[in-house]
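Undergrad: What follows is a structure written as structure tokens; I'll ask about it next.
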Amino acid sequence: MNNEGKSDSLQGIDIPSTDIGPEQEIAELPAAGSEDASPSVPMAIEKPEAVEATKQRVDADGSPSLSVDHQPRTDEAASSVAVNSVSVKKPQSFFGERPLPAMEMAPRVLRYQSRRDFLVFGAGALAALAGTGFLLPQDTLSRMGMRRNMDSPGKEWFLNKALRIDDDVAEALYSGTRRVPTYAKSQITSLKNNYNGATPDPGYISGWKLTVGGLASGLSISLDIRNLLARFSVHEQITRLVCVEGWSAIAWWAGLRFDDLLRGYPPMSQAKWARVESSVNLDASGNFDPYFMSIDLATARHPQTLLATHFNGLPLTVDHGAPIRLLVPVKLGLKNVKAITRITYVAEEPKDYWAERGYSRYDGI
């Protein structure tokens with residue numbers, strides 16, 4: 001019972017301080033409301049003395065007291081209390097958490113479903129293991145004790161397809177306005193010599209020239225380092241070189257922008273790619289192994305793509321690709337070709353040294 005219910009029942013028996021008699025009080029009581037006036041329910045009327053005592057206790061503290069009357073409740077009072085104490089259920093939110101429904105299942109059915117779920121899970125695990133084994137290199141499988149050769153054209157096709165999807169996503173997300181972070185000189189770290197093969201003999205530097213083909217003029221030109229530095233502005237940047245092997249280094253580079261070379265010697269109108277060749281042409285054993293790479297012209301025009309001529313404030317050494325190397329901070333290190341000797345603009349995507357060996361062709365970061 002709440003306080004609101006109590007005050008309603010007291011209003012029905014509160015008597016103003018007049019000379020009206022008990023008989024008149026009985027006649028006025030049904031006027032409290034049609035719901036309270038029930039002719040079939042007998043009503044108990046308190047004596048005036050009891051009513052007056054109740055009124056005095058209410059007036060003494062300004063509010064109805066819990067101990068107003070120790071008499072048993074009448075049916076009318078109980079009905080009034082029942083109506084006032086009804087609580088309306090708050091509507092549940094659409095996104096609110098709902099209780100889980102109780103589910104009953106026979107033990108025999110539960111055992112059957114548990115056994116079936118276990119078999120399905122085991123079959124899925126075996127399929128995943130088989131699929132993983134299908135994709136792992138043969139050397140890894142041999143170390144795991146699986147001697148059977150699992151190399152196949154289907155495996156090669158699947159892996160190449162996955163790499164192609166990754167390249168397509170990276171190429172779609174490329175933006176010429178997005179720049180990689182630059183750093184302060186205090187953040188520079190050491191950069192190791194990481195040629196694919198043997199470090200070239202420095203004898204090639206004296207006769208070095210950069211040959212550029214596939215031009216709009218239909219001609220090919222040869223430029224030496226003096227021509228390049230005299231014609232084009234030198235730009236500096238401190239960026240991170242990220243290698244596919246998992247290491248990275250922050251270095252200070254300077255050189256001409258590839259975009260400036262494209263503007264100075266425009267490629268043919270249908271050109272979309274550049275094939276870049278290098279003086280690096282020997283493998284680690286000294287065998288002939290020419291190194292070449294492809295780069296899309298959209299990336300070549302990126303403002304941070306340089307034909308670098310200086311490293312940490314000094315002219316490039318042979319270890320770092322003298323006299324000129326490609327620096328593409330938005331690509332992995334294998335696209336940053338050292339000791340460039342030739343650039344050829346073409347319409348179709350050319351071959352790429354590492355892509356032919358199973359690596360990505362785009363290599364964006």
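The values are calculated or read from the model by the stated rules, or taken from the named source; none is laboratory data. Note that the coordinates shown come from a computational prediction; the quantities given were computed from them, not determined experimentally. Quick reminder, even Gly has a Cβ in these numbers, built from the backbone with ideal geometry, and neighbours come from all protein chains shown. Surface accessibility is based on the protein's heavy atoms, side chains included, excluding ligands, DNA and RNA. Shrake-Rupley method; radii C 1.70, N 1.55, O 1.52, S 1.80 Å.
Undergrad: Want the number for Glu236 to Ala184: 0.36 nm per residue separation, take away the alpha-carbon distance, what's left?
TA: 17.5 nm
Undergrad: Okay, moving on. Which length gain, in nm to one decimal place, applies between Thr211 and Asp167 when the Cα-Cα distance is subtracted from 0.36 nm times their residue separation?
TA: Contour length minus the Cα-Cα distance gives 12.9 nm.
Undergrad: For Tyr353, Tyr204, Tyr359, give the ranking by accessible area with the largest first, probe 1.4 Å.
TA: Largest accessible area first, the list is Tyr359, Tyr204, Tyr353.
Undergrad: Are any of the pairs Lys272/Lys351; Lys185/Lys209; Lys185/Lys338; Lys192/Lys272 more than 21 Å apart by Cα-Cα distance, and if so, which?
TA: The pairs that break the limit, which is 21 Å between Cα atoms, are Lys185/Lys209; Lys185/Lys338; Lys192/Lys272.
Undergrad: Shape call for the stretch 239-365 from the C-alpha gyration tensor, a ≥ b ≥ c root eigenvalues: rounded (a/c under 1.5), prolate (a/b greater than b/c) or oblate?
TA: Note, shape of the stretch 239-365 comes out rounded.
Undergrad: In nm, to one decimal, how far is the Gln270 label point from the Val120 one, both placed 7 Å along Cα→Cβ?
TA: Between Gln270 and Val120, the label points sit 5.5 nm apart.
Undergrad: Just to verify a number: what accessible area does His320 come out at with the full protein assembly present, 1.4 Å probe, Å² rounded to tens?
TA: Around 20 Å² of this residue is reachable by solvent.
Undergrad: Next question. At Asp224 and Ser248, where each label point lies 7 Å from the Cα along Cα→Cβ, what is the point-to-point distance in nanometres?
TA: Roughly 3.9 nm, to one decimal.
Undergrad: Using modelled backbone amide H atoms (1.01 Å from N, in-plane), which distant-in-sequence or interchain residues come within less than 5 Å of Leu316's amide H?
TA: Here His310, Phe311 satisfy the definition.
Undergrad: Taking the simple approach of a point 7 Å from Cα along Cα-to-Cβ for both Glu104 and Asp283, what is their distance in nm?
TA: 7.5 nm
Undergrad: Subtracting the Cα-Cα distance from 0.36 nm times the residue separation, let me have the gained length for Glu349 to Thr317 in nm, one decimal.
TA: Full extension from Glu349 to Thr317 adds 8.4 nm.
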